[in-house]
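Visitor: I'd like to ask you about the structure that follows.
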Amino acid sequence: MSATARTTGHAVAQPGAQPTPTEHDQIASAPAEPPYELVDIDRYEVFDDGPVGYVEVIPPLFICYSGHPYPKAIEVAQVYDFAQAVRRVRDAAPHPRGPHDHGRSAA
């Protein structure tokens with residue numbers, strides 16, 4: 001897929017456009033959601049300091065996968081809201097605490 005056909009979760013500033021102080025304050029105070037990018041007709045890749053998982057769109061559900069690359073990712077949730085799906089992927093992502101610690105505990 002060409003780079004021009006990809007969609008990301010980031011707003012792209014127009015060349016030469018400067019945000020007004022009010023717009024800048026709103027952008028700075030907005031919660032930082034992990035970015036995502038459309039990588040296939042029905043699949044988004046989720047990033048949080050690199051790729052951490054995927055959201056697959058199978059209406060009406062969003063299937064959440066943790067891991068990278070896609071063939072090795074594991075399903076972690078099924079939700080009805082895209083923003084919640086992106087958060088679930090981020091929350092299930094392996095954390096940099098150690099090579100075998102995936103942020104999960106055997107409770």
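Visitor: Order of 67-80, 45-58 by packing, highest average Cβ count within 10 Å first?
Guide: On the way: 67-80: 14.0, 45-58: 18.8.
Highest to lowest by the protection proxy: 45-58, 67-80.
Visitor: Something else about it: For region 31-80, would you read off the P(r) tail past 12 Å as a percentage of all alpha carbon pairs?
Guide: Percent of Cα pairs beyond 12 Å in region 31-80: 60.
Visitor: Oh, and also: Note down the nm distance, to one decimal, between modelled labels 7 Å out along Cα→Cβ at residue 41 and at residue 75.
Guide: So the two model labels end up 2.1 nm from each other.
Since every read-out is calculated from the coordinates, none of them should be taken as a lab result. Here the structure is a predicted model, which means the values were calculated and not measured. Every residue, glycine as well, gets a Cβ built from its backbone with ideal geometry; the counts of neighbours run over all protein chains shown.
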